[in-house]
Each structure stands twice: as structure tokens, then as C-alpha cells.
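The values are calculated or read from the model by the stated rules, or taken from the named source; none is laboratory data. This one's a predicted model, so the numbers in the text were calculated from it and none came from an experiment. A quick note on method: Cβ atoms are made from the backbone with ideal geometry, for glycine too, and the neighbour counts reach across all protein chains shown. Side chains are part of the model used for accessible areas, which takes the heavy atoms of the whole protein and leaves out ligands, DNA and RNA. Shrake-Rupley method; radii C 1.70, N 1.55, O 1.52, S 1.80 Å.
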Amino acid sequence: MRRLRPLLLLPLMALMSGCEAVVLSPAGDIAAQQRDLLVWSVVLMLIIIIPVMALTVFFAWKYRESNKEARYEPDWDHSTHLELVIWAAPLLIIICLGAITWSGTHLLDPYRSLDRINKGQAIAEGVEPLQVNVVAMDWKWLFIYPEYGIATVNELAAPVDRPIRFHITSTGVMNSFYIPALAGQIYAMPGMETKMNAVINRPGKYVGFSANYSGDGFSDMRFAFHGLDQAGFDQWVAGVRADSKSLDRETYLELEKPSEKVPVLHYASVDEGLFDAVLNMCVEPGKMCMGEMMAIDKKGGLGLTAVHATWPLAYDKYARRGEAALGSGESYVMAICTPLEAEKAAVDAGRRRQELAAQITRSAPTEQIMGRGLTRPGQASRTEVAAAGWPFAPRIPAPTAADAPSASQS
């Protein structure tokens, strides 16, 4: 019976034979270099781990209770040679690991453009990388090919031995874009763009998925990645273009709504500038883009004149988290467009500041400190603060002629 026990492990071994160690046998050069980095790190650490484990067993066997011939030296406390071995070996391993990690961090930087296709094979002169814009949604993946003007959902394809440059963002929560056979994972974050350069060296069908939990449909947030030769890739592009669907902004807003187990979708055309609008969180018509906000902030902002020209900005597209600071309802940021409007806004803001300063002067001294005279959010103020003025900023001086903008401002 003892000899037959190993046979009981055969069903388990048969099940494990279906597993594919894709991380240790990747099809892309970047993933292969990452595999090598992992293997070398493990080997270097095993130089310490294996002797320690072996010595643990050896000492336990040698100094067992029944071994009366073992040397026992209670007065021994130091050996220079032993100390040298104990400390020198880990120090050398740490130095080697540090060197490998430092070089690997720079050579395998996902933002770094590729300088080779495979080991010993440089990129041919004049070859441009395939640009792919990736959008992580709830709970599906959108891929846009700006070079070909097409888009797909939950399906990605690329020609073999051609560099790929991914531009990655997200519509909602943070996600992680990961194709184990191609390269390591990289995060997708809303309002931010991450990049990854990679190449596939072997034709085949591979699996991509989200490696960061993102909600109910996370388990089915998977897609197929096809590594094709150039003829096969051209045929795949032609098949996508044969579809009659078009991905405009209205279609995108419907696609963006949370959904699970979404089948593969093809779009023969894509609205120009759609990915930039997704990245800047302004696909919705009339919504100010983050790039425009940052440009305004870089120039110093709109100043106090923006108080009455700025309405609450809804960052969430379908639901708002909490009450808006300046009221409820769907609203957007507005900008002052002409010099005359800017001058009028400055005069109106100055008048409100003057009325507010006068009101604060008439109020009790105890109401001027620590915000005691302010109302809770969502409640009306005591006198509506001059109907449209700031509910804060005590003791603001009266406006002067310098407050008014010049005719060149806009």
C-alpha cells in the first residue's frame, strides 16, 4: 500500500498539467526580461536560503539527544573566519541585487521607448510604434487605434515584432492593465495618462485582464490579445472597419455606463479627439476640460471675478457625492470671454465686497470670529449675503480703481 500511495497524486498532477506558467514563458521581449530579472533575484537569494535550510537540518540531526558523541563546547563564542563568511555573503548578494534592480528599473521603465525587438535584434530604422489608446471602464476595456481610426471593446490585436506604445487612462476608479505574456502591469487612473512600451514576438492568442479590484464586474473584466503577423493584423483591421458602428461622444457616454460581461464590440470609426476628452474628463458636451482649468490656474486663475461666473462643477457624470458648494443641480464652469464682461464682473464683485464689508462692520464682534456668523451648508444665510456674494472673507476692503481689469484682459 505504501508503494501505491504516490499513484494517488496522479489525478492532481493531471489537473496541474493544464496550467500555463505564462509569466515564466512569455511571448514578449519586455516580459522575458522581467522574467529573467525575477529568476536571477530568486537564484541570488537561494544562495543564502539553501545553506541555511540545509544547516538547520544538519544541526538538528547532529545534536540530537541520542548522539552522545557530538562535540559540546559551551565556552566557544567567536570565530573570525565564520563571522567573515556570515556577513560577507549576504553583503555581496545585496550588492548584486541592488545592481540588478537599479539597471532593471531603468532599462524596463514602461515609459522608455524600445531599442530592440528581441535579444540581439534591434528595431529597424523608420519603424514607428503602433499607438493604442486604452480606457479602463466599469467593467470593460476600450481600445482606440488612432492610426487606423477604429476602436474595439474587450479585444486587442497587434502585429508581431512591431513596437506598441500604450496610452492608458480610466473613466472612474483606478484599474490595472495587465497582459502577462506581453509585459508587466501598469495602472490606469482617471484624469491621468500612464504609458507602456512593449512588443509581442510570438503569434498567438493571449489573455489580458485587470489586476486591481474595481467593483462588482471585476472578475469578468478580461479581454483577448491577438499577436498576429502583418497580413493577419491587416485582415483584423479590415474586419473591424467592416462593422457599421461608429464611436462618437454620445455612443461613448452610453458605453461608459457600468456593465458586466460585455461581448466584443467593433467600431469602424472614432470621433476625433475622443481619447483626449476622456483623459480630460470632458466628454460630456459643454463641460470644461481639466486642461483648460489647469491653463487658467497656471496664469493665476480668474480671481475674485470668478465667484459669480463659476457654477458648481459636477465631476461625477451620473451622480454627485455630497452637496455642491454653491448649490445643487447640474451645472458647469463658465468663463469670462470678453474684456467688457470682465470689466463688468470686476465692478459687480467690488460692489458685493463693499456691501459685505459694511454688513460685517454692523454685525456683533462675536459673529466676526471663528465663523460663528456663517450658516451650515444647504441653509440660507442670514441676509443671503447681498443676494449673491461670498459667505466668508470677513473685513474685505472696499474696491479701488486698480481692481478693475484693463481692456486687454479676457
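The residues listed here are 246, 170; of these, the one that is open to solvent by 20 Å² or more (accessible area, probe 1.4 Å) and either under 26 Å from residue 285 (Cβ atoms) or at pLDDT below 90 (or both) is 246. Looking across 215, 208, 204, one residue alone is open to solvent by 10 Å² or more (accessible area, probe 1.4 Å) and within 24 Å of residue 251 (Cβ to Cβ). It is 215. With respect to the conditions (1) open to solvent by 30 Å² or more (accessible area, probe 1.4 Å); (2) at pLDDT 90 or above; (3) outside any helix (DSSP H, G or I); (4) among the small types (Gly, Ala, Ser), residue 181 lacks only one, and its number is (1). Just a yes or no: is a residue in region 249-262 open to solvent by less than 20 Å² (accessible area, probe 1.4 Å) and in a strand (DSSP E or B)? No: region 249-262 contains no residue that is open to solvent by less than 20 Å² (accessible area, probe 1.4 Å) and in a strand (DSSP E or B). Name every residue in region 70-127 that is of a type in the set (Ser, Thr, Tyr) and closer than 30 Å to residue 201 by Cβ, in order of residue number. Result: 101, 103, 105, 111, 113.
In region 78-91, is there at least one residue being open to solvent by 80 Å² or more (accessible area, probe 1.4 Å) and either touching a Pro at 6+ places or on another chain (Cβ under 7 Å) or within 19 Å of residue 41 (Cβ to Cβ) (or both)? Looking for residues that are open to solvent by 80 Å² or more (accessible area, probe 1.4 Å) and either touching a Pro at 6+ places or on another chain (Cβ under 7 Å) or within 19 Å of residue 41 (Cβ to Cβ) (or both), one finds at least one in region 78-91, hence yes. Scanning region 92-115 for residues that are more than 20 Å from the chain's Cα centre (by Cα) and open to solvent by 70 Å² or more (accessible area, probe 1.4 Å), which turns out farthest from residue 260 (Cα to Cα)? Checking each candidate, the answer is 92.
Scanning region 278-292 for residues that are part of a helix (DSSP H, G or I) and farther than 11 Å from residue 256 by Cβ yields 279, 290, 291, 292.
Only residues that are open to solvent by less than 60 Å² (accessible area, probe 1.4 Å) and either basic (Lys, Arg) or part of a strand (DSSP E or B) (or both) were counted across region 218-243, and they come to 6.
Contact annotation: residue pairs with Cβ atoms under 6 Å, 6 or more positions apart or on different chains, pairing a residue in region 245-268 that is within 19 Å of residue 221 (Cβ to Cβ) and charged (D, E, K, R) with a partner that is open to solvent by 30 Å² or more (accessible area, probe 1.4 Å) and in a loop (DSSP other than H, G, I, E, B), are 260/139.
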